[in-house]
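Contents: one structure, followed by commentary.
The values are calculated or read from the model by the stated rules, or taken from the named source; none is laboratory data. Note that the coordinates shown come from a computational prediction; the quantities given were computed from them, not determined experimentally. As a convention, Cβ positions derive from the backbone with ideal geometry for all residues, glycine included, and neighbour counts pool all protein chains shown.
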Amino acid sequence: MRTRAFKTIGLLVLAGLVAAGLGFAQAGRGVGRIGGAVIDVDGNLMENVKVTIVFSQNDKMKFEQTSGKKGEWSFIGLGTGNWDLTAVAPGYMPQTKSLYVSQLGVNPRVTVTMQKIPKAGSGIVADETTFALLEKGNQLFKEAKYDEALVQFQQFLEKNPNLYQIQVSIGDCYREKGEFDKAIENYNKVLELAKSDVTLGKEMSAKALSGIGNCYLKQGKLPEAQNFFKQSIENSPKDEILAYNVGEIYFSNQGYDDAVRYFEIATQIRPEWPDPYKKLGDVYLNKAEMAKAIEKYEKFLTLEPEGERAAQVRSMLNAIKK
């Protein structure tokens, strides 16, 4: 009886801390810095490339600049967490990367490789107005306005038929609408087109495979979901954010054992990243495995000893240990 009561109290505490954590994450401000360079597929440095970085949990926290003469770019004043980087240049396909920024150490340099848009029969319209469709679609998707987002993404694809990557976003919209067959159809198109993409093929395949896995998970088809998530990670075995995101998918669907597996993979790929350790603590708390929850939370604190999230985790540990 005491164990069950303690678990209930722990979950209530967790809910309160998660809510507080969202408020902090929405700030996205801090003293973190990240930089790198933009190059073409031949390794030449590219200047005047528009580089934008957006806090993944708050798209209002956005920084923008153009690369310098040596292709260099950098951003300062970033909070700890996941950020989405986009690079756009006329005549080139837009590139996106998911990055983790830490305020406590030196973040590794990021190289963005730009790939030219095929000219022959491409029908590409690479102007800012057209790419605004993409930004609007992303915003609507975050607001759960999937039908409206779908219109934006489809209009973008009509103007840019060779930018097959957008079909991942189209598949995501159909997935969230519960139209799984259409979602999988779009993901499969990505898988086919990615085979001939030497620059982004593996990354896009991994995203598409993860999307298919999520479709099956939402339908309760666990063996199929696990198969596609496994393929996704195998396709991009060094992508800690992909592993983390798969863990998040399982966690949100109460698949705690599978969530543990993928969060652990994220820690193996990038041991110094604090986020998966915090998530592992959350998972074990929900599983009422308090010793393991304490272990993961304490590991998180060794990597991120200061800040709002650290204060939240210390409050959690105090509640658990009482």
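Some observations on this one:
- Which listed residue, of Tyr277, Tyr256, is among the hydroxyl-bearing types (Ser, Thr, Tyr) and closer than 20 Å to Tyr100 by Cβ: Tyr277
- Candidate set from the range 116-138 (those that are under 22 Å from the mean Cα position of the chain (by Cα) and surrounded by 16 or more Cβ atoms within 10 Å (Cβ to Cβ)); member that is modelled with the lowest pLDDT: Phe131
- Matching residues in the range 239-279 - criterion: being under 16 Å from Leu217 (Cβ atoms), of a type in the set (Gly, Ala, Ser), in contact (Cβ under 8 Å) with a residue 12 or more places away in the chain and assigned to a helix (DSSP H, G or I): Ala243, Gly247, Ala259
- Answer from Arg309, Arg314 - the residue that is over 21 Å from Ile249 (Cβ atoms), touching a residue at least 12 places away in the same chain (Cβ under 8 Å) and buried (at least 18 other Cβ atoms within 10 Å of the Cβ): Arg309
- Pairs, first more than 13 Å from Asp172 (Cβ to Cβ) in the range 128-149, second assigned to a helix (DSSP H, G or I) and at pLDDT below 85, C-beta under 6 Å, six or more apart: Thr130/Lys159
- Among the residues making up the range 188-204, those that are of a type outside the set (Lys, Arg) and over 15 Å from Asn245 (Cβ atoms) are Asn188, Val190, Leu191, Glu192, Leu193, Ala194, Ser196, Asp197, Val198, Thr199, Leu200, Gly201.
- Scanning the range 280-292 for residues that are in a helix (DSSP H, G or I), among the hydrophobic types (A, V, I, L, M, F, W, C) and touching a residue at least 60 places away in the same chain (Cβ under 8 Å) gives Leu285, Met290.
- Restricting the range 51-85 to residues that are part of a loop (DSSP other than H, G, I, E, B) and either modelled with pLDDT under 90 or touching a Pro at 6+ places or on another chain (Cβ under 8 Å) (or both), the residue that is farthest from Glu240 (Cα to Cα): Lys69
- Within the range 268-282, being surrounded by fewer than 24 Cβ atoms within 10 Å (Cβ to Cβ) and either polar (S, T, N, Q) or more than 15 Å from Gln312 (Cβ to Cβ) (or both) holds for Gln268, Ile269, Arg270, Pro271, Glu272, Trp273.
- Filtering the range 195-213 for residues that are buried (at least 18 other Cβ atoms within 10 Å of the Cβ), among the β-branched types (Val, Ile, Thr) and at pLDDT 95 or above leaves a non-empty set.
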